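Input: a single structure, listed below in structure tokens.
The values are calculated or read from the model by the stated rules, or taken from the named source; none is laboratory data. Small disclaimer: the values here were computed from a predicted structure and weren't measured. Note that each Cβ is placed from the backbone with ideal geometry, even for glycine, and that neighbours are counted across all protein chains shown. For the accessible areas, the whole protein counts, side chains as well, though only heavy atoms, and no ligand, DNA or RNA atoms are used. Shrake-Rupley method; radii C 1.70, N 1.55, O 1.52, S 1.80 Å.
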Amino acid sequence: MARSGNGDLVFIGRSLDSMYDLLSGALSAVQDAPALYRVPLSFARDWAGRSRRTLTASELQVARGVLEAAGCTPMALVRRSSPLTFVDVAHTGGTFGDLYELIRDWVAEDRAPWSVARTKVRFVGVTSRKKTSPNTVRWAQQQLWTSELPARSVLSVSLEPQVWSYFGDHQVKLTRSWAPSWWLAEQGGPGRDERTRTALAEAVAIVAYGRGRDGRQRIANAMAGEPALAESWLRRLRSALLSS
């Protein structure tokens, strides 16, 4: 939240569902809190993972409908007073790149002013923590499109490697992967096996923890060292978390 630029948060895919759950609980009693969205899109890439498969006209319509539900249409972006901040686990940033291309092409097709729209999107990659070194390659450095945005619009938040791997690789998901081949199919509900029921109980517990005083205080405390705390919007949000 501290690196959102006072924007609404859009969680991409399924890997950060627990963060969405935590913040949903914590912000439920905060007046004028940033909005939270989940966009389940994932993208099909070639066998080497280099390029995204071209979407069909029907798939493109579905993808744009999902983005529209999160307030991400070309003109909605242009009219925003604060950014729309996309959040996802990031390794090389390929999904962010696919999403960025989808938005940029849509803006061009609708002839919305890209010079304005580009300032209203922000990407926060949740990464696996590494040693600080000049030789460490960051995900944003592997993506050419990031140079088209203001530097403040592409940021990272690091997690301990085990935690990052749990979210990204091992946590049981409550929804199926939503790659383009599934975009036109009916959505299925969560499974009924024991692992899925346990995962659902975990999600419920995380929401409850976010609603509790201890959960809100820990989130507020985590903001204490953030440079954005110098800005009034984050101070207000932190105070609201502490007092709600």
### Task
Provide Val204, Val87 ordered by accessible surface of protein heavy atoms (probe 1.4 Å), highest first.
Val204, Val87
### Message
Taking loop as defined by DSSP and a crowding limit of 13 other beta carbons within 10 Å, which trypsin sites (Lys or Arg not before Pro) in segment 192-244 fit?
### Response
Arg192
### Task
Using amide H atoms built 1.01 Å from N in the peptide plane, name the residues 5+ places from Ser4, or on other chains, whose amide H lies under 5 Å from its own.
none
#### Entry: Solvent-accessible area per residue for the chain (1.4 angstrom probe, square angstrom)
54
### Summary
Residues whose built amide H sits under 5 Å from the amide H of Ser156, excluding neighbours closer than 5 in sequence, are Gly125
## Note on the structure
Taking Ser24, Ser115 and ranking on accessible area (1.4 Å, protein atoms only), highest first, one gets Ser115, Ser24
### Summary
Counting sequence-distant residues (5 or more places) and residues on other chains, those with an amide H built under 5 Å from that of Phe86 are Val10, Arg122, Phe123, Val124
### Summary
For the pair Asp169 and Glu202, the simple spin-label estimate (label points 7 Å beyond Cα toward Cβ) gives in nm 1.5
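At 222 nm, what helix-only mean residue ellipticity would the chain give, in deg cm²/dmol to the nearest 500, using -39500 (n - 2.57) for each DSSP H run of four or more?
-12000 deg cm²/dmol
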#### Entry: Which of Phe167, Phe11 is most accessible, then next, and so on - probe 1.4 Å
Phe167, Phe11
### Query
Which of the listed residues, Leu237, Leu102, Ala179, is farthest toward the dipole's positive end in the chain, when Lys, Arg count +1 and Asp, Glu count -1 at the beta-carbon?
Leu237
### Task
Give the accessible area for Glu68 in Å² (nearest 10); use a 1.4 Å probe, count only protein heavy atoms, and leave out ligands, DNA and RNA.
110
### Low-density loop cleavage sites - GluC sites (Glu not before Pro) in segment 155-244, where at most 12 other Cβ are within 10 Å (DSSP)
Glu186
### Query
Where both partners of a DSSP beta bridge lie in the chain, what percent of those bridges are antiparallel, to the nearest 5?
5
### Cα centre as origin, Lys/Arg/Asp/Glu Cβ charges: the chain dipole, Debye
540
### Task
With a 1.4 Å probe and every protein chain kept in, tell me what percent of the accessible surface of segment 1-159 is carbon plus sulfur.
49
